[in-house]
1. Only one of Thr43, Thr8 is surrounded by 12 or more Cβ atoms within 10 Å (Cβ to Cβ), modelled with pLDDT of 95 or more, part of a strand (DSSP E or B) and among the β-branched types (Val, Ile, Thr); which?
2. Kindly establish whether Val29 is at pLDDT below 95, out of contact with any Lys or Arg (no Cβ under 7 Å at 6 or more places or on another chain) and part of a helix (DSSP H, G or I).
3. Identify all residues within the stretch 46-75 that are without any contact (Cβ under 8 Å) to a residue 12 or more places away in the chain, assigned to a loop (DSSP other than H, G, I, E, B) and not aromatic (Phe, Trp, Tyr); write none if there are none.
Amino acid sequence: MTSRISLTVIGKPDCHLCDVAHDIVERVVADLPEHVADRVDVTEVSILDDPALYELWWEKIPVVLIDDEVHAHWRVSSEALRGAVLEAIDRAEVRS
């Protein structure tokens, strides 16, 4: 079985930095080799839909989590995200 990783973008509507983070995540995943990109589950959630998320993250959005661990908040770097995703894929392989 092929190991998967989760990549979660926490933000809210009408948030410029959230839109930028969304675009970066989309571009990074699209640029990964297909056999890697197919193993990345991307989820977007809004702090407006979950009071607990709002309480945790309202002043740090956008937040990007990889396997439920904070990768970045406020500003997301394409290069750093790509490297972190590849490292997470490697770790997932070791675990399986």
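1. Just one listed residue meets the conditions, Thr8.
2. Details: at pLDDT below 95: no; out of contact with any Lys or Arg (no Cβ under 7 Å at 6 or more places or on another chain): yes; part of a helix (DSSP H, G or I): yes.
No; evaluated as a whole, the condition is false for this residue.
3. If the condition is that a residue be without any contact (Cβ under 8 Å) to a residue 12 or more places away in the chain, assigned to a loop (DSSP other than H, G, I, E, B) and not aromatic (Phe, Trp, Tyr), then Asp50, Glu59 are the ones that fit.
Yes or no, residue by residue, for (1) in contact with a Pro (Cβ under 9 Å, 6 or more places away or on another chain); (2) more than 30 Å from Thr2 (Cα to Cα); (3) at pLDDT below 95; (4) acidic (Asp, Glu):
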site: Asp38; (1), (2), (3), (4): no, no, no, yes
site: Ala52; (1), (2), (3), (4): no, yes, no, no
site: Leu56; (1), (2), (3), (4): no, yes, no, no
site: Val63; (1), (2), (3), (4): no, no, no, no
site: Ser78; (1), (2), (3), (4): no, no, no, no
site: Gly83; (1), (2), (3), (4): no, no, no, no
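The values are calculated or read from the model by the stated rules, or taken from the named source; none is laboratory data. Computed from a prediction, not measured in an experiment: that's the story for all the values here. Positions of Cβ are backbone-derived with ideal geometry, glycine not excepted, and every protein chain shown enters the neighbour counts.
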